[in-house]
Amino acid sequence: MSIILSTPSVDELSPAVDALKGWQYDGGPLHLHSGDLGWHSLHGAEATAAAIRMWSRDGEVLAIGLLDGPELVRMAVAPNWRDDEALARRLAADLDEPGRVLAPDGATVEARGAGLLTQLLLKRGWERDEPWTTFHRSLSDPVEDCGLRIETIEPDRAEVWVAVHWSAFRGSPFTDAERRRTVGGWLTMVGGPFYGDGRCLAAFDQNDDAVAVAAVWSAGPGRPGLLEPMGVHRSHRGHGYGTAITLAAAAALRDMGSSSASVCVESSNVGAVATYTSAGFTPSDEVADLRRGSR
Ligand SMILES: CC(C)(COP(=O)(O)OP(=O)(O)OC[C@H]1O[C@@H](n2cnc3c(N)ncnc32)[C@H](O)[C@@H]1OP(=O)(O)O)[C@@H](O)C(=O)NCCC(=O)NCCS
């Protein structure tokens, strides 16, 4: 049977989610994680399904990509298929062909751990892009107390979470229209098919102001969980709250049965790199995305 490239409907998401969960293991690469689909589902389950590309053969899922916009695909290849020459060639051809998976005007592939695919794309003239650093923390032992009050955010407190997230990542004025839009997205995510494995946390200072937020995503018991995203309100940085919410996130993942906590960040984000290190995470070797220009 030949390899089939397809996009699942919402009803067909389970094989993709189950495959991504099964492909996470301690010591493995931090490739596309089921939690990445969960975080993407801020845009809705339909949009998330429509952004997935699945390569399968005889009903077995071999590789999955998540289009994070038309020019970036984030990949995971089944661990026991990673060294398969035929699959790597097919993936490289599909990713390299303008318009087949990625837009013709420049494209980026995140292919962590997929060594053969990486080599083939480099041979086709793709170049290494900005370096990222992956961090892991084992959860075999309990995580130290983070020292702040931590709340697991339920729908009635969505505004608290999105306001801190907005400040951390955008920082521009949070207009009513943006508030409605982001709360709507958050509620869509939390009410969607992925959030059974997710948890959104907020940390509060001694004045009970929300100062930091994180979301965590389990891939099932005994597998690495994902921390995505994490941020501290702009007015509250430099007080240890980044470290605190990261510790709280690790503790939540342990509570959810994860064997370890993983996160990946641009190596140039020195604040985040320092924060994960402070929270007991260990960096792995840097990994670079692959990029090609317009064709
Ligand atoms: C990264 C971020 C969370 C740090 O928040 P913070 O509240 O300042 O973090 P902390 O006070 O807990 O600092 C933790 C460590 O990072 C260091 N640090 C924080 N910002 C830093 C910066 N810009 N440059 C260098 N070091 C920095 C601190 O000195 C501290 O180091 P130490 O523990 O060795 O003393 C915050 O800047 C942020 O929200 N950034 C935008 C969102 C983001 O990038 N998130 C991560 C990727 S998802």
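Of all residue pairs spaced 6 or more apart or on separate chains, those with beta-carbon atoms under 7 Å, a first member in region 170-186 that is farther than 24 Å from E154 by Cβ and a second member that is of a type outside the set (S, T, Y) and surrounded by 10 or more Cβ atoms within 10 Å (Cβ to Cβ) are G171/R234. As a summary of the residue check, L91 satisfies the conditions (1) open to solvent by 40 Å² or more (accessible area, probe 1.4 Å); (2) farther than 30 Å from H236 by Cβ; (3) in contact with a Gly (Cβ under 9 Å, 6 or more places away or on another chain) except for the one numbered (1).
With respect to (1) open to solvent by 40 Å² or more (accessible area, probe 1.4 Å); (2) over 23 Å from V287 (Cα atoms); (3) touching a helix residue (DSSP H, G or I) at 6+ places or on another chain (Cβ under 8 Å), the lone exception for A49 is condition (1).
If we scan region 195-204, do we find a residue that is within 16 Å of the ligand (Cβ to nearest atom) and touching a Leu at 6+ places or on another chain (Cβ under 8 Å)? Yes: region 195-204 contains one or more residues that are within 16 Å of the ligand (Cβ to nearest atom) and touching a Leu at 6+ places or on another chain (Cβ under 8 Å). Pairs are defined by a Cβ separation below 6 Å, a sequence spacing of at least 6 or placement on different chains, a first member in region 237-249 that is on the phi < 0 side of the Ramachandran plot and among the hydroxyl-bearing types (S, T, Y), and a second member that is near the ligand (Cβ under 6 Å from one of its atoms) and open to solvent by 40 Å² or more (accessible area, probe 1.4 Å); the pairs so defined are T243/S278.
The conditions of being in contact (Cβ under 8 Å) with a residue 24 or more places away in the chain, more than 10 Å from the ligand (Cβ to nearest atom) and aliphatic (A, V, I, L, M) are not met by A279.
Restricting attention to region 162-176 and to residues that are hydroxyl-bearing (S, T, Y) and more than 9 Å from the ligand (Cβ to nearest atom), the residue that is most open to solvent (accessible area, probe 1.4 Å) turns out to be T175.
So, A19, is that one surrounded by 21 or more Cβ atoms within 10 Å (Cβ to Cβ) and modelled with pLDDT of 95 or more or not? When the stated conditions are applied, A19 does not pass them. On the stretch given as region 23-46, residues that are open to solvent by 20 Å² or more (accessible area, probe 1.4 Å), of a type in the set (A, V, I, L, M, F, W, C) and closer than 21 Å to E71 by Cα total 2.
Among the residues of region 222-252, those identified as farther than 17 Å from R149 by Cα, more than 12 Å from the ligand (Cβ to nearest atom) and under 18 Å from the mean Cα position of the chain (by Cα) are R223, P224, G225.
The values are calculated or read from the model by the stated rules, or taken from the named source; none is laboratory data. What you see is a predicted model; the values in this text were computed from it and never measured. Neighbour counts run over all protein chains shown; Cβ positions are idealised from the backbone, glycine included. Keep in mind that these areas ignore ligands, DNA and RNA; they rest on the heavy atoms of the full protein, side chains included. Shrake-Rupley method; radii C 1.70, N 1.55, O 1.52, S 1.80 Å.
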